[in-house]
Amino acid sequence: MKRTELRNLLRQMTLHEKLAQLTQLDISFLTSQTESELTGPAQRLPSGYAARRELGSVLGGTHAELSVSLQRQHLEESRLPIPLLLMADVVHGFRTIFPIPLALGGSFDPALCEETCRAAAKEASSAGLHVTFAPMVDLVRDSRWGRVMESTGEDPYLNAQMAAASVRGYQGHDLQEPGRMAACVKHFAGYGASEGGRDYNTVDLSEGMLREYYLSSYQAAAKEGAAMFMTSFNTMNRIPCSANSHLLQDILRKEWGFDGVVISDFGAVMETIPHGLSADAKEAAEKCLRAGTDIEMMTTCYLDHIESLVAEGKIDETLVDEAVWRVLELKNRLGLFENPYKDADPVREKAVCFCQEHRDLARRAGQESCVLLQNNGVLPLKKSLKVGIAGPFASSKKLLGSWSFFGYEDRTVTLADGISEKTGPDKIRIAMDTELGSLRKGETDVPDDIQEACRVLADCDVLIAAIGAHPDDCGEAASLVSLGISPHQEALVRAFRQTGKPVVSVIFTGRPLELGEICANSDAVLLAWFPGSEGGHAVADLLYGDCNPSGRLSISLPRSVGQMPLYYNRANTGRPLPPGAKRGSFVTGYLDCDFGPLFPFGYGLSYSAFRYSDLQISGNTLPLQVSVLLENISDRAGTETVQLYIRDIAASVVRPIRELKGFQRVHLEPGEKQRVCFTVNREMLSFYNQELQFVYEPGEFEFILGPHAEGGCAARIFLE
Ligand code: BGC
């Protein structure tokens, strides 16, 4: 539709109709036939039912037929021909589920991330969805927070690359193109810094910290053209984010030039009341709209109160018009005025959802995301060995992780399926495979069938423990104060160890866990995260060496939960530990725990071995080249993720001991050498000074090229 026609449409709208465009309710509002059928939060909404004909968007939608019929009914019933937007959380896949974002981040492969988002958009748009509440780009450092699983990890640079790739994957160049959908970046901002890892909790960050670490991924997504942003539940420096004009106006709109739609998180406008910012729903509406939240999700403060606020002269209707205009523009960008059903098509839906191409992609994504933490040579396994598998994930289909409710869990490839395809069914024994109960349901462990398991698996050559955390205990509202593996799972691995047979532990989880004891009792440890629909295939491919592990940690793994928050790009402090030391007197660290992570950010083994040597810096002015000689010193071809870190030795504000500034996945044949080269420019060495200007300061810099955040070849240079 031409912009003049769109303007005309806006002019014809009543204030009430405008406010309905700024209101998003659950799909049950439209699917239920009578008011009494409404359930859950829908029931509590005072004016929701009456507004159903005018609503601008709904949360939810599952299949094409439903989407088409809803849209048709909506257009028939509404006074003006304004199509409905269907939005939902397609976070790591729709029907085909890809590894959780925390795992995918560890692929260090933005192109792969883009492909998975593209496939997810193809599936979801064929079911009639127009907007996905993804990517989630919150930087995470505290694994007590269940939502670490939705993020691509602890690093601002990696997160920014993944955020941009996700937006490209969902949206492409043109939202009207079939198979594309609008991306809603969330949660703006700093949700990952919730105090104590407690979900929905307070966030207080200096402006310097906010910019330095947390904002880069949101900014990258905005720059890539993301159509929408979602506010976060938390406060940011004492103001709830949905009412935070510094975030929404000063930074997002003015600094970054974002002109898309801002939506609140679920109920977050109303939640400014319990936050203690708004006295009542009317004040909540006024504060959030003024601050820049265009659409209110799941409550009706706008719909109920803005008309009177306008009548009282407290809100200028042009503010409402601006917000509505952005919503109409999004609908127009999606082409909904010409084609309100967009890609919703039962035939296409059947063809693309869970198709072989997407499953193959999920398998590849799984292969690239699992992290080999430890291996004394027991892996890869020979297919001729008789293998025993025990533990709650041995034959479980619960490998998808949170935000996979559209996925086909029943079609998930289990670990036992994947392994049995390698060995043949008669070389595999399964024991003690009762699934974990979730803490949410008050269940804390699996039954202790360890003795029996050891008896059943007595004639096996190798033992695999498939252990971890329940998917429902990782995700939203899943904060924990303990990151241990449950006692019976740990005891299983100990018992396996005592058999004297080789022990391989495969860990399924949505968050870092304390793995010290598991590592001590295992010959090999593979961190599978929640690997998605093809999880069993991907893990088996890696265990049997049909594919060489290349995944890296997108987040540091702790020794103890007490180390939280834990991250590699920390400041040195005035009393760092001496190099190589783990503890010390009157230095920064703990008395009862070694310093540093169990495994650092960026870490991950493969079946190949790589040597880094001869770091060279060419040039002494910016931009310059930093390179290292990488050699595959093993007899297996493999992929190494070479990481470039920098350190600014002394500056006007304290700089982190290392910052990731680049990475490359390099494939080398056995014995092959390659010089891996990075260009370093001024921007990469710049930072926010005390006045919050993004500046470059001359001085001494260190460049490190290596396999993870605690290793590599380093050299220093003085730069003007
Ligand atoms: C979550 C968001 C999500 C929204 C809609 C909220 O509870 O925080 O991430 O997009 O629900 O499902």
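Every read-out reported here was derived from the displayed coordinates using simple, explicitly stated rules and does not represent laboratory data. Bear in mind that the values here come from a model prediction, so they are computed numbers and not experimental data. Every residue, glycine among them, receives a Cβ derived from its backbone with ideal geometry; neighbour counts consider all protein chains shown.
The table for this structure:
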read-out: Sites residue 350 and residue 657 - FRET efficiency at Förster radius 56 Å, r taken between beta-carbons, to 0.05; value: 0.60
read-out: The range 493-634 shape via C-alpha gyration tensor axes, a/c threshold 1.5; value: oblate
read-out: Between 0 and 90°, nearest 10: helix 156-171 axis offset from the chain longest Cα axis; value: 50
read-out: Ellipticity estimate at 222 nm from DSSP helix runs (n ≥ 4, -39,500 (n - 2.57)) divided over the chain, nearest 500; value: -7500 deg cm²/dmol
read-out: Cross-link reach list, lysines versus residue 673, counting only Cα pairs under 19 Å and skipping chain neighbours closer than eight places; value: none
read-out: Per-pair calculated FRET efficiency, R0 = 56 Å: residue 620 and residue 318 via Cβ, rounded to 0.05; value: 0.50
read-out: Calculated SAXS-style log₁₀ I(q)/I(0) at q = 0.15, 0.16 Å⁻¹ - the range 370-563, Debye, Cα scatterers; value: -0.84, -0.97
read-out: Contact order normalised by residue count of the chain, Cα under 8 Å, 6+ apart, percent; value: 13
read-out: For the range 159-262, the Rg and Dmax computed from alpha carbons only, in angstrom; value: 13.8, 43
read-out: Counted charge near residue 409, where neighbours are those whose Cβ lies closer than 11 Å (Asp, Glu -1; Lys, Arg +1); value: +3
read-out: Relative exposure of 432, 162, judged by other C-beta atoms within 10 Å (fewest first); value: 432, 162
read-out: Alpha-carbon centroids, the range 240-311 and the range 539-560: separation in whole Å; value: 42
read-out: Net charge of Cβ neighbours under 13 Å - reference residue 151; Lys, Arg +1; Asp, Glu -1; value: -2
read-out: Distant-in-sequence amide H partners of residue 57 (H built 1.01 Å from N, under 5 Å); value: 23, 25, 85
read-out: FRET efficiency, residue 440 to residue 679 (Cβ-Cβ, R0 51 Å, nearest 0.05); value: 0.60
read-out: Cα-Cα separations in the chain greater than 47 Å, expressed as whole percent; value: 20
read-out: Rotationally averaged projected area of the range 610-719 (alpha carbon convex hull; nm²); value: 6.4
read-out: For the range 215-318, the fraction of alpha-carbon pairs in successive 5 Å shells from zero, as %; value: 2, 14, 24, 24, 18, 11, 4, 1, 0
read-out: Difference of contour (0.36 nm per residue) and Cα-Cα distance, residue 311 to residue 75; value: 82.0 nm
read-out: Tilt relative to the chain, helix 487-498 - C-alpha long axis, 0 to 90 degrees, to 10; value: 20
read-out: Charge dipole (the chain, unit charges on Cβ, about Cα centre) - positive-most of 151, 535, 325; value: 535
read-out: Isotropic mean projected area of the C-alpha convex hull, the range 337-410 (nm²); value: 8.6
read-out: Total formal charge among the other residues, if their Cβ is under 10 angstrom from that of residue 671, Lys/Arg +1 and Asp/Glu -1; value: -3
read-out: Nearest-ten-degree value, helix 110-126 long axis tilted from longest Cα axis of the chain; value: 40
read-out: Fewest-first ranking of 113, 547, using other Cβ atoms within 10 Å as the exposure measure; value: 547, 113
read-out: All lysines inside 21 Å of residue 18 as judged from Cα atoms, apart from same-chain residues fewer than 8 positions distant; value: 2, 282, 287, 314, 331
read-out: Rel. contact order, % - alpha carbon contacts under 8 angstrom, at least six apart, the range 292-422; value: 12
read-out: Gain upon complete extension [residue 585, residue 385; 0.36 nm per residue less C-alpha separation]; value: 67.0 nm
read-out: Candidate aspartates and glutamates - alpha carbon under 20 Å from residue 501, same-chain residues fewer than 8 apart omitted; value: 426, 433, 449, 452, 459, 461, 490, 517, 523
read-out: The range 610-719 - charge dipole about Cα centre, Lys and Arg +1 at Cβ, Asp and Glu -1, debye rounded to 20; value: 60
